[in-house]
Amino acid sequence: MRKKKRGKPDEWAFKNLNMTKAKYKLGDLEFDTKSDITDYYKSMLNTYEKKKPLNIEDATKIYWLLREHPSVDIKMAKPIVSIYVDTAMHNTRCFYLIYNDGTKDDFSYTQCIKNIKKNV
């Protein structure tokens, strides 16, 4: 049986301990909580008129979020040429991707947020 060390804890035990609050990072955006991320993207979703393309800055932020989607391989299998907001099932708003072949696909930003891991 090992004896417990007495006295001050060794410095090495605390060398790599990060005491700062973990953040979520998407591209160059940082958030403290998933609720903050949800509020940010929900606001973006409700800002745009239906069927109007997102500006390049917001489309880039959506791209960062889309990389967290559980089906990212399918959603990003073809080149995306535009992103816009429109009505989905149950008369709710959602983001739509338009691909270079003219097809379109919607995606749930909340599914993306559920997948985001903390940066530590």
Within region 12-25, is there a residue that is of a type in the set (A, V, I, L, M, F, W, C), modelled with pLDDT of 95 or more and either open to solvent by 40 Å² or more (accessible area, probe 1.4 Å) or not in a loop (DSSP other than H, G, I, E, B) (or both)?
no
Counting only residues that are closer than 19 Å to LEU29 by Cβ and among the β-branched types (Val, Ile, Thr), which one in region 42-79 is surrounded by the fewest Cβ atoms within 10 Å (Cβ to Cβ)?
ILE56
Answer yes if at least one residue in region 85-97 is closer than 24 Å to ASP28 by Cβ, at pLDDT 95 or above and in contact with a Cys (Cβ under 9 Å, 6 or more places away or on another chain), and no otherwise.
yes
Output for region 47-60, where each listed residue is in contact with a strand residue (DSSP E or B) (Cβ under 7 Å, 6 or more places away or on another chain) and closer than 10 Å to ILE83 by Cβ:
TYR48, PRO53, LEU54, ALA59
Region 31-52, subset farther than 13 Å from CYS112 by Cα and touching a residue at least 40 places away in the same chain (Cβ under 8 Å), residue farthest from the chain's Cα centre (by Cα)
LYS50
Could you tell me which numbered condition ILE98 fails, if it satisfies all but one of (1) surrounded by 14 or more Cβ atoms within 10 Å (Cβ to Cβ); (2) at positive phi?
(2)
Among residues of region 107-119 being surrounded by 18 or more Cβ atoms within 10 Å (Cβ to Cβ) and not β-branched (Val, Ile, Thr), the residue farthest from TRP64 (Cα to Cα) is PHE107
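The values are calculated or read from the model by the stated rules, or taken from the named source; none is laboratory data. Keep in mind the model is a prediction, meaning the values are calculated, not measured. With ideal geometry, Cβ positions are generated from the backbone for all residues, glycine too; neighbour counts draw on all protein chains shown. Accessible surface areas use protein heavy atoms only, side chains included; no ligands, DNA or RNA. Shrake-Rupley method; radii C 1.70, N 1.55, O 1.52, S 1.80 Å.
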